Structure formats: C-alpha cells, structure tokens
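Read through the structure below, which is laid out as structure tokens, and then see the notes.
The values are calculated or read from the model by the stated rules, or taken from the named source; none is laboratory data. Remember, it's a predicted structure, so these values are computed and weren't measured experimentally. When we count neighbours, we look across all protein chains shown, and the Cβ atoms used for this are built from the backbone with ideal geometry, even at glycine.
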Amino acid sequence: MPVPGHSVPADRGKLSEHNIEWVQTQPPQVQMEFLLGAAINHDVGATKMIVEMIEGWFGKLKDTPRWETLQDTALYSNDLRVRAAAIEINLALRRIEKTDEEADRLIETAHKLTGSRPYFAWELGMLANRGVRTERIHELLAEWIHDPDQQTRFWSVEGLAHLGTDDTIKNFLDVLRNDPSLDVRERAGCSLAKSGMMTREQRMKAVPGLIELGDDPSLDATARNWVYQALREITGMGFPNDPAAWRNWYSAHGAEKAREFGKGDSWSVLGNS
C-alpha cells in the first residue's frame, strides 16, 4: 500500500508471457496492430518483437483506419525506437523492399508519375532512414522541396524528416525562410523541433540557424513565431522571441546543452506520448 505523502513511481508495462503466446497465434494484421499499440504504450519487449516478426509480415498487411491511427501516433512518439518500428511496418505494408534496386525503381517511377511525387517522397524518406540509398534520396528530396507543386514540397519535407541526418537541417532552414506556403514552412519548423528521426543532440545543431532566422527582418510574423517555438522545443528553454537573448544563451550554454542531450538516451525525443 502506498505510504501517505510519497508518490508511487510510474513504470512501463511489459509484455506478459500470455501476451507473447497469444500474439504468436494471431494473423499478421492482428499481430502488427497489437504490437505497435503496445510499443506506443512503451510496453517493454514490443519493439523487439516487431523487429523479429517484420519479415514475416511483408506483403501480408492491410492499410486500415486502425493502422493509420497507430502509425500517426507512433510517428510522434517520444521514443525513436517506436518511430522506427512504424517505419518498418509501413515499408512492409507497402511491400517496399529495403534494397538499392527497390529505391532505384521508386525513384524512376516518381520521375515518370510526377503527380504521385508526394507519395513517393514519404516512402523514399522512410526507405532512406533504413540505410537504403540515403544520399541519393536526400539529393532527390532536396530538389523536390523547390518543386512548383505545394503538395510535393510538403511531403518532401516530411520525407526529409524521416532521414534523421544532420544534412537535412539546412534544407529545413531553407524551407522555413523561403517557401511561399505557410503550411510547408510549418512542417519544416516541426521537423526541426520534434517530428522525424533526428535525436535531440542533432536538433541542437539547428539552433544557430534558427537564431539567425529569428533576427531576419524579412521573415513574416507567423514564421518568426514558429522559429522561436522550435527553439524553445529543441532546447527546453523558455526565452521570449528575442534574438539577443537566444544568442547570449547559446554562446554561454549551447555546447553544454548539446552534451547533456548526448549523454542521455539517444532514442528519447520530444513527442506527444
């Protein structure tokens, strides 16, 4: 019984032997949806089971409303391992093999079917996150963020966020400063702050560029607010929309904050759950 005046520490759940045995008797769709739900709930062992079972699910999963909801939630988890599990499942569901040949095929098809580039941008980003043609896909998406079609630019930002590489930071800053669509710029700011696959330590590398953007008189008020929101979310600091305050803090404490994030769990990020 809890001692009065003392909080009971929260702990993560764990897949029971009963859960594990039951899952193994179920069809792939049920296995996937149960385990991804458990991973979202941070049940210990769920992401490990997804990794172990993913190959057996290839081509056997369906795009259902339940899956869409789970994917959306997982991709905003505060645990990069859960986000990675969602990426793996997406590729298995779409029957996208993690090979260079598959990446080349998707790229070739995207060049032919320009109207479907938003879909290909999303999936190619996920494929690149798994280490397949990462540099080539980055080059392609960095080109598409300047496409005349707004939806192509929007989903190319989303695709770049999946990559989780330092090189994407300059792309997001470019979009946040220059894209004609506020919707696209908002996604770039979110990709720097908390969505996608970058670690918190990586996101700290965007801080100097964001501070510079915040001090740019040509930036509109809406985008400026997003810049400072991203700064607060990346750093955990609560300074107002004042470039001088942010420059002073970063000069004195930026390296220290980056080291702090580097010493923490690399999978731990800012998320919705």
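Restricting to the range 57-86, give me the number of residues that are in contact with a helix residue (DSSP H, G or I) (Cβ under 7 Å, 6 or more places away or on another chain) and in a helix (DSSP H, G or I).
Final tally of qualifying residues: 12.
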| query | Which residues, taken from the range 135-153, are basic (Lys, Arg) and over 19 Å from LEU182 (Cα atoms)? | reply | ARG136
| field | Every pair of residues 6+ apart whose Cβ atoms lie under 6 Å, when the first sits in the range 113-132 and is of a type in the set (S, T, N, Q) and crowded, with 21+ Cβ neighbours inside 10 Å while the second is modelled with pLDDT of 95 or more and part of a helix (DSSP H, G or I) | value | ASN129/ILE87; ASN129/HIS162; ASN129/LEU163
| request: Look at THR165 and say whether it is of a type in the set (Val, Ile, Thr), out of contact with any Cys (no Cβ under 9 Å at 6 or more places or on another chain), over 21 Å from ARG232 (Cβ atoms) and surrounded by fewer than 21 Cβ atoms within 10 Å (Cβ to Cβ). | output: yes
| said: Can you say whether SER266 is of a type outside the set (Lys, Arg), over 22 Å from ALA188 (Cβ atoms) and within 23 Å of the chain's Cα centre (by Cα), as far as the supplied structure shows? | reply: yes
| Among residues of the range 35-52, those that are touching a residue at least 12 places away in the same chain (Cβ under 8 Å) and either out of contact with any helix residue (DSSP H, G or I) (no Cβ under 6 Å at 6 or more places or on another chain) or over 15 Å from ALA92 (Cβ atoms) (or both), counted | 10
| note | Residues in the range 145-156 that are assigned to a helix (DSSP H, G or I), crowded, with 22+ Cβ neighbours inside 10 Å and not hydroxyl-bearing (Ser, Thr, Tyr) total 3
| task | Might you check whether a residue that is assigned to a loop (DSSP other than H, G, I, E, B) and over 17 Å from GLU55 (Cα atoms) occurs anywhere in the range 104-113? | result | yes
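So that you can scan it fast, the table gives a plain yes or no per residue for (1) more than 23 Å from SER156 (Cα to Cα); (2) surrounded by 15 or more Cβ atoms within 10 Å (Cβ to Cβ):
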{"position": "PRO180", "(1), (2)": "no, no"}
{"position": "VAL184", "(1), (2)": "no, yes"}
{"position": "ASP216", "(1), (2)": "yes, no"}
{"position": "LEU219", "(1), (2)": "no, yes"}
{"position": "PRO240", "(1), (2)": "yes, no"}
{"position": "ARG247", "(1), (2)": "yes, yes"}
{"position": "ASP265", "(1), (2)": "yes, no"}
| field | Those residues of the range 155-190 which are out of contact with any Phe, Trp or Tyr (no Cβ under 6 Å at 6 or more places or on another chain), of a type in the set (Gly, Ala, Ser) and closer than 19 Å to ILE87 by Cβ, in sequence order | value | ALA161, GLY164
| note | If we keep only residues of the range 3-34 that are modelled with pLDDT under 95 and closer than 21 Å to LEU93 by Cβ, then the residue surrounded by the most Cβ atoms within 10 Å (Cβ to Cβ) is VAL23
